Amino acid sequence: MITEQRGRARIVIAVLAVAGLPAAGLVYVRGVAEPPTAADPPLAYAVAPLPADLDSLTSLEDAARRFEECSDGCSGIVYFWSRRMPLSRAGIAEISEAARRLGMRLTLVGTEEMHAYADADPALGAGAIPIADAMLGAGALAHAPAVVVHDDGQVVGHAILGYKTAETYEEMIGRRVTGTTDSRRSHFLLTRSTTFASAPTSPAALATATFPAATFRVASEGGSLLVEYEAVGRPSDYFRWVPGRQALAYESRGRIYLLDLVDGRSRLASGYVDFVPTPDGRYFVTPSPNRGGLRFFEADEVFEAARANRPASAAPFFADPRMRDQYPSVGILEQDESRTVYRVLTSWFAGIVYRDYEIQVDPRTGVPRVRPIGEPVTPCRDMDLSTPIMSQDGLEFAARDEATGTTKIFRILGAGRCNEVLDLGIQTRKVAWHRTGRLLAFARPRLRRRDGGIDESTWGIFVFDRDRRRLTRLSDSEDAAPLAFPDFIGDDSVVFLVPGRSRREASVFRVVDGIR
């Protein structure tokens, strides 16, 4: 064993050759970042003040009581959010404005409390709350934020996932309770005589209806623990592996970090909330603050600035004000020695939108030149889809269908058209695509069984094999983060976040192999 001290970073390497992430043996690498300095970039996001007279964390019991109070001709909204998901915190102002316009009662509940309820053992006296079970079935734990709409004391439809504008929330919630697409009329239609497009669903029926019989084979647990890397603070659950760089990009404490998978150190970097690498590891794309548009960074410059402890010196080389939404994912449509065509997909504010970009590098200066190809395109515009992630070839994406509450795979056909390729038949959180497009990795929201017990089949991180129609739960993943969004590392490994159980215990990124 080799122990090395580097400033404030202590690295313990039990087995060398970490850079290749060997398929056999146990390797543990832990490190921490250097403290922030005056040269640090600005915070990735600002914490906006809460609207006046709004309780930011209503208990689950009080939320259930409000359901009961709202059982006679009244509609309401429950907004589940997490302090560790920056955009879910920022969305409180938006959902508050939407609720005001709709004349509906708003309740804010912590995602962590709902997760604790789903995780509680009835044998230890943890009683069931029927409305909470209905909200779980609707998808309250599929993402943060998640919006659950209720009317006459019952849940209506599936949860609405993701950070959106007040106008978008208003329209989508209005459709839930009125059956009309005209949000301007919804305020006047929230009455006892309203005719629903789909009737409110009972808690027991909704909890089971969102999980139809799977069309795939459930395999035994797979994978084995390979590496753990210590993180700075408690990171946001969405992070990405940087191909060809042996690094993870993640957000924590309002800043972007690059975790070096060789020396175990996390270093500060430029970027905003979701700092997403391209599949070839050459660039990062990220939304801008205040909806300023999609920005592109050179990965070489970002990593060099981080290693030199000058993260703020890395600046974007291109910005597209036409792409103002959040949560980008990237695919490569074409690539040769002189040019690469990337497809970037974003979502939340205006539904799903993608745009293609040609990037050429000037052979004399080495400066990349970007040319947008065509206008932004909205695929599947006749569907309500959320949490979309694009495949690495840019031809498919996986998303939650709000009509069914299940994750589906769609193929992009062009001109705004798409074709449903596969319905997984289950709720999942955001998926990660394997390089080949054959495998998907994801976590499933936890549920309680109808008999009040714990549904252990929904615990952990899963890998779905499209060719074999096989779903495998990875070993050592039962303590993954409540809102886990895993990612692939190379061809044979998956990484996910395991949060510390206390403030003194560090959160770690855990790598599991054996997913061939």
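Bear in mind that the values in this text are calculations on the coordinates, not laboratory data. Just so it is clear, the model here is predicted, and its values are computed rather than measured. Quick reminder, even Gly has a Cβ in these numbers, built from the backbone with ideal geometry, and neighbours come from all protein chains shown.
For the reader, a short list of remarks on this structure follows.
- Distance between the modelled labels on ASP491 and ARG411, one decimal in nanometres: 2.5 nm (7 Å Cα→Cβ projection).
- Whole-Å distance, taken between Cα centres, linking region 315-330 and region 57-129: 32 Å
- Taking the number of Cβ atoms within 10 Å of each Cβ as an exposure proxy, the fewest-first ranking of MET172, MET104 is MET172, MET104.
- With R₀ fixed at 22 Å, the C-beta to C-beta distance from ARG435 to LEU395 puts the FRET efficiency at about 0.95.
- Distant-in-sequence amide H partners of GLY157 (H built 1.01 Å from N, under 5 Å): THR201
- Ordering of 142-150, 417-425 by burial proxy (mean other Cβ atoms within 10 Å per residue, highest first): 142-150, 417-425
- Amide H contacts for ARG267 (H built 1.01 Å from N in the peptide plane; partners 5 or more residues away or on another chain; cut-off under 5 Å): LEU258, LEU259, ASP260.
- Virtual spin-label span in nm between VAL361 and GLU505, 7 Å along Cα→Cβ: 4.4 nm
- Distance (nanometres) between label positions extended 7 Å along Cα→Cβ at GLU221 and ARG371: 5.3 nm
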